[in-house]
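Right, one structure below, let's go through it.
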Amino acid sequence: MMATRGAWSGPADIIAGVQRLWDSGALLAARLDGVALFPHEVRLRQPSVAAMGEQFDLVREWISALRTGSRLEREHGYELVWRDINHRQLGRNSIPVAAVIDSEASALRMIGKSAAARRFDELAAVTLDTFPVLRPWLANQPLRMLDHEEAWERILAVLRWFVAHPRPSIYLRQLDIQAVDTKFIEVRKGLIAELLDQVLPAEAIVAGAVGARQFEARFGLLGKPAQIRFRMLDERHHIGGLSDLMVPVPQFAAMRVGVDRVFITENEVNALAFPDMDSSMVVFGGGYGIERLAQIEWLRGRQVVYWGDIDTHGFAILDRLRASLPDVRSVLMDDGTLEAHRHVWGQEDVDKRYLGDLQRLTGGERQLFLQLRDNLVGERLRLEQERIGYAWAVEAIRRS
């Protein structure tokens, strides 16, 4: 197939080669570290010897276009590197094989980044004056700073505040930094966390708390407190006339309640529809957050009844709860309930199944768990709480 001029490097390809130096961060990193990248050579895709004979006019146009972009025609371009060839038909000729950009200034003008480079210098100088430790970070990803140039001085103000107040034990909303509000930090948690990891001492960072959601825990801020929601099922035990409440875990742990029985259920609607019961309350469990409940000391003096989905995940939660509350009983997690609701069976998600062993189940619970785990009843079988008939559920709850 005959090659065409489009397959040979033109002025746009030379500019693109310089642009790649910018986009990779190499140009700015070299500028920061004083490393010489220039003169910089961009190799050219060129016509073959056969194409020179067969498409001589196209080759001349290609060379002319390269010359136009070079320093022979422009003040700020590139120098062409030529190679002499001997063609059996055309005789001795010279062909460009590379373009050389002589200086960083020329390269920046070629791609229109002179002003951006000056701005980088300004921001880098301010940054390194306060935090010299950030030099490797800047050299590794210099464009990140330019991406946030409008906010950069405020980002530095955040870093200075945390250095002056390591692990402050206050809420993010309480930070008093000029021109910086809570939202400013929240939308930049990833970047700010990267930088704080560089400027703070190791003892001011909780290494195990990773990700934007654990920003507060990582840097010693107070996070939104975990809440426990519950309903009092006996009017005599309403709290200030209220039956449905949500409180922080420490407050729940310090409660003085007179009920004898505490139901725990995973499904919110089930908890809302729970029937009235003498001297009882129902707690919204919240999946594996059940371990918070397991640490509530006053629960040890109550009859605790757990209602979870009939699947491997539900039995695993029950097992975990019994690690701290060994006398917990289950309700509606039995063969009879499963068989009576065959018409609403579903399938457990593959990534949520528990395939290990459970040692804290009763004989009947363990037998059912193994049938579910080993797919002896059906493939990834599950019966969700909310699919159980309401009358069936109420009768079982009242018998529990």
Condition met for VAL42 (crowded, with 16+ Cβ neighbours inside 10 Å and at pLDDT 85 or above): yes
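Kindly indicate whether VAL257 is buried (at least 16 other Cβ atoms within 10 Å of the Cβ), within 26 Å of ARG300 (Cα to Cα), out of contact with any Phe, Trp or Tyr (no Cβ under 9 Å at 6 or more places or on another chain) and not acidic (Asp, Glu).
Values: buried (at least 16 other Cβ atoms within 10 Å of the Cβ): yes; within 26 Å of ARG300 (Cα to Cα): yes; out of contact with any Phe, Trp or Tyr (no Cβ under 9 Å at 6 or more places or on another chain): no; not acidic (Asp, Glu): yes.
When the stated conditions are applied, VAL257 does not pass them.
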Wholly enclosed helices (runs of 4 or more DSSP H) of region 148-220 bearing at least 2 residues within 17 Å of the chain's Cα centre (by Cα) and hydroxyl-bearing (Ser, Thr, Tyr): none
Please go through region 118-145 and pick out each residue that is surrounded by 18 or more Cβ atoms within 10 Å (Cβ to Cβ) and out of contact with any Asp or Glu (no Cβ under 9 Å at 6 or more places or on another chain). ALA124, THR127, PHE131, LEU134, LEU138, PRO142, MET145
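Just to confirm my filter: which helices (runs of 4 or more DSSP H) fall fully inside region 311-391 and include at least 2 residues that are at pLDDT 95 or above and farther than 23 Å from VAL262 by Cα?
The qualifying helices (runs of 4 or more DSSP H) are 335-340, 363-373.
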Is it true that ARG154 is within 19 Å of PHE215 (Cα to Cα), modelled with pLDDT under 95 and either among the β-branched types (Val, Ile, Thr) or in contact with a helix residue (DSSP H, G or I) (Cβ under 9 Å, 6 or more places away or on another chain) (or both)? no
So, in region 50-108, exactly how many residues are among the polar types (S, T, N, Q), out of contact with any Phe, Trp or Tyr (no Cβ under 8 Å at 6 or more places or on another chain) and at pLDDT below 75? 4
Can you tell me which of LEU221, LEU242, LEU233 is modelled with pLDDT of 95 or more, under 24 Å from GLU395 (Cα atoms) and among the aliphatic types (A, V, I, L, M)? LEU233
Enumeration of residues in region 89-144 that are polar (S, T, N, Q) and either touching a Ser or Thr at 6+ places or on another chain (Cβ under 8 Å) or in a strand (DSSP E or B) (or both): ASN93, SER94
Residue check for ILE185: in contact with a Phe, Trp or Tyr (Cβ under 6 Å, 6 or more places away or on another chain) and surrounded by 13 or more Cβ atoms within 10 Å (Cβ to Cβ): no
When the residues of region 381-400 are filtered to those that are among the basic types (Lys, Arg) and touching a residue at least 40 places away in the same chain (Cβ under 8 Å), which remaining residue is surrounded by the fewest Cβ atoms within 10 Å (Cβ to Cβ)? ARG398
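The values are calculated or read from the model by the stated rules, or taken from the named source; none is laboratory data. Because the structure is predicted, anything quoted here is derived from the model rather than measured. Cβ atoms come from the backbone with ideal geometry, glycine included; neighbour counts cover every protein chain shown.
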